[in-house]
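Step one of this worksheet: look at the structure below.
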Amino acid sequence: MKPTTRGTLAAVMTGVAATMGAAVATPAVAAGTVPVPVPLDGVENALNVKAPKISGELPVPMPGGPRGPRYVEGRLIPEHVLPQLPVNGGLPGANVHTPLPHVLGDGFDHFGVGAPAADLRTLTPGLSLDTPLTAPKADHFGLPDAKLPQVAVLTPLLKTVPAANLDMGAGA
């Protein structure tokens with residue numbers, strides 16, 4: 001193999017390795033939302049009118065790790081038998097921008113509504129329970145005492161702050 005061929009082959013292999021490394025460094029899940037355009041160009045061309053521009057955003061839900069069981073002194077079963085699972089995602093967003101015919105002249109005014117995707121943090125329902133027996137007691141020769149059973153349903157949690165922008169003005 002000639003030295004120029006070896007140099008060219010080495011340069012190509014280096015470029016391929018760099019490309020593979022860059023692809024690994026940027027995961028596809030890093031995006032918080034996925035854009036969803038609504039194509040209305042066909043309507044604009046067929047009817048010869050200015051069509052609104054509509055797009056949306058769909059969030060990518062990301063499950064988190066549940067908190068592990070927490071042992072409490074005096075209980076035989078951990079505090080969270082069925083743990084709550086956190087899921088982080090978002091509310092879908094929308095963007096509508098439509099031209100309005102100008103009443104007094106030839107230009108267009110516009111009207112727009114923008115509701116960006118909002119962060120959404122949730123916790124699934126969980127369950128916490130305790131047996132009808134206490135821990136073994138030394139004064140009862142290592143036998144447990146009877147007590148009322150305890151059951152608690154951990155309510156789901158939902159946190160978000162949605163927003164919207166209304167826009168009217170001159171220009172298409």
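The values are calculated or read from the model by the stated rules, or taken from the named source; none is laboratory data. The structure presented is a predicted model; accordingly, all values stated were derived computationally and were not measured. Because the Cβ atoms are built from the backbone with ideal geometry, glycine has one as well, and the counts that use them run over all protein chains shown. With ligands, DNA and RNA removed, areas are computed over all heavy atoms of the protein, side chains included. Shrake-Rupley method; radii C 1.70, N 1.55, O 1.52, S 1.80 Å.
Here are the numbers for this structure:
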{"quantity": "Which of 75, 67, 121 is most accessible, then next, and so on - probe 1.4 Å", "calculated": "67, 121, 75"}
{"quantity": "Protection-proxy order for peptides 137-149, 47-59, each taking the mean of Cβ atoms within 10 Å per residue, highest first", "calculated": "47-59, 137-149"}
{"quantity": "Rg/Rh ratio calculated on Cα atoms of segment 46-172 (Kirkwood radius)", "calculated": "1.42"}
{"quantity": "Sum of side-chain charges, residue 96 neighbourhood, beta-carbon under 11 Å (Lys, Arg +1; Asp, Glu -1)", "calculated": "0"}
